[in-house]
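Report on one structure; see the data block that follows.
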Amino acid sequence: MPARFQGEWAVRLTDCGSKGGDNTEGMTIGPREIGHYEEGVKITRVTMLSRDSVRYEGILSTYDGDEPAMATLRLSPDGNRLVGASYADGSNGKAPDLLRCAK
């Protein structure tokens, strides 16, 4: 995963750095993995769609086992938001953006 996308992401900045499930809607993106609450994706392929957009493929591991996964991540122009990347439902029925947590 390109460095521009890596780091911890949360719906609310107050959830940043939370352990034990407080950041259930966020994710942590590393060079070869994406960690979500209680599951993770081992990345096997990344395709740059633009400077601010990537498509990844990998293996999603959950309590139920492993399965193929594919998704697109899109950054805001300033690089501080992952657009529509949360698991939560927003007020308009769409997933809210995730905010970049400070390092």
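Couplings for region 46-55, taken from phi via the Karplus curve 6.51 cos²θ - 1.76 cosθ + 1.60 with θ = phi - 60°, read 10, 10, 6, 8, 6, 4, 10, 9, 9, 10 Hz in order; Gly and Pro are left as x. In terms of its Cα atoms, the chain spans 33, 31, 30 Å along the principal axes, sorted from long to short.
For G40, the residues whose amide H sits under 5 Å from its own are S61, ignoring neighbours fewer than 5 places away on the same chain, with H placed 1.01 Å from N. For the pair D78 and T28 in one chain, pulling the backbone fully straight at 0.36 nm per residue adds 16.1 nm over the alpha carbon distance. Evaluate the distance, in nm, between pseudo-label points positioned 7 Å from the Cα of M70 and of S53 along their respective Cα→Cβ axes. Computed distance between label sites M70 and S53 equals 1.6 nm. Length available on full extension from R12 to Y63: 0.36 nm per residue minus the Cα-Cα distance, which gives 15.7 nm. Annotation: amide H-H contacts under 5 Å for A95 (H modelled 1.01 Å from N, sequence separation of 5 or more, or interchain): G90.
Any read-out appearing in this document is the output of simple, stated calculations on the displayed coordinates, not a laboratory observation. A quick note: this is a predicted structure, and the numbers were derived from the prediction, not measured. All Cβ positions, even for glycine, are placed from backbone atoms using ideal geometry, and neighbour counts span all protein chains on display.
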